[in-house]
Amino acid sequence: MTALPAAPPAVRRVPAVVVLSAVVAVVAAGLVAWNNLLVPALPADPVVRMIANVAGVLVLVLAARAGGLTWRDLGLCPTTWRAGLRWGGAAVGVAALGYGVAFLLPATRPLLENPGVESSPSSALVLRALLLIPVGTVLCEELAFRGVLHGLTERAWAGRLWAGRGVVFAVASAFAVWHLAGALASPVGGVPVLGVAVVLLVTALGGVVMSVVRRRTGSLFASIGIHLGTNVVGLVAVLLATR
């Protein structure tokens, strides 16, 4: 009697959480490399760098959509717009109130003064406030981190015990390291190690706040409002206090 051939060994499938977590790690590493290695190598013209960021984020969003992420995953589902705009508008209002108080109080107003702003031409400041920061910084960073990376991480860890806090921690950490090159270029207080650590810590805490609000509302508009409030309103306050 002829013996039957041995059955081939069963192929063990890699768990989906492992595959998706690897994708999250690759995207996070790519974002960090983009802002710390590629962008600094571009011409110093801020418009050129803004265009590069917009193009890169557009490709990232299209790739995420092609990979299966929905508009809800990206925080752009129309059903979440109302909540996002409400939270985002409130964040801008709170930022304006805070900077306004700091501007009016003699003890805190000097903290807003910035010699670099004083020496900048008005046209450059207007360009920065109306285009470079809202589009090149806020919109690009929010789409990349609270949009694509957040959506990917939630997909990867859906149903896991660590999903909620893990998503917030992972996205905020990547967001902080995204700013490493800028922190190294101008550390707080001129102290390299401590100054860089302070910048990264503050950025990470800001990332935590934005990720928590983005997760609670389901809307990218909420974190965009927080980001606009701190960056654009902050620039206006510095401009008023300096000039």
Expressed in square angstrom to the nearest 10, the accessible area of Leu62 with a 1.4 Å probe stands at 110
What accessible area per residue comes out for the stretch 67-185, rounded to a whole number of Å², with a 1.4 Å probe?
54
Choose one answer from Arg13, Arg160, Arg82: the residue with the largest mean-square fluctuation in a GNM of the chain with alpha-carbon springs under 10 Å.
Arg13
Magnitude of the Cβ-charge dipole of the chain, K/R +1 and D/E -1, about the Cα centre, nearest 20 debye?
760
Looking only at Ser120, Ser219, Ser21, which one moves most when the chain is put into a Gaussian network model with springs between Cα atoms under 10 Å?
Ser120
From the P(r) of the stretch 91-243, could you give the percentage of C-alpha pairs in the tail past 28 Å?
25
For the chain, the percent of accessible surface on carbon and sulfur atoms (probe 1.4 angstrom, ligands and nucleic acids excluded) is 73
May I ask for the percentage of alpha-carbon pairs in the stretch 1-135 that lie more than 24 Å from each other?
62
Of the candidates Leu105, Leu20, Leu152, which one comes out as most mobile in a Gaussian network treatment of the chain with C-alpha springs shorter than 10 Å?
Leu105
Per residue of the stretch 153-159, in order, report the coupling 6.51 cos²θ - 1.76 cosθ + 1.60 (Karplus, θ = phi - 60°) as ³J(HN,Hα) in whole Hz, putting x for Gly and Pro.
5, 5, 4, 5, 10, 4, x
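The values are calculated or read from the model by the stated rules, or taken from the named source; none is laboratory data. If you're wondering where the values come from, they're calculated on a predicted model, not measured in any experiment. Note that we place each Cβ from the backbone using ideal geometry, even for glycine, and neighbour counts take in every protein chain shown. SASA here: full protein model, heavy atoms, side chains in, ligands and nucleic acids out. Shrake-Rupley method; radii C 1.70, N 1.55, O 1.52, S 1.80 Å.
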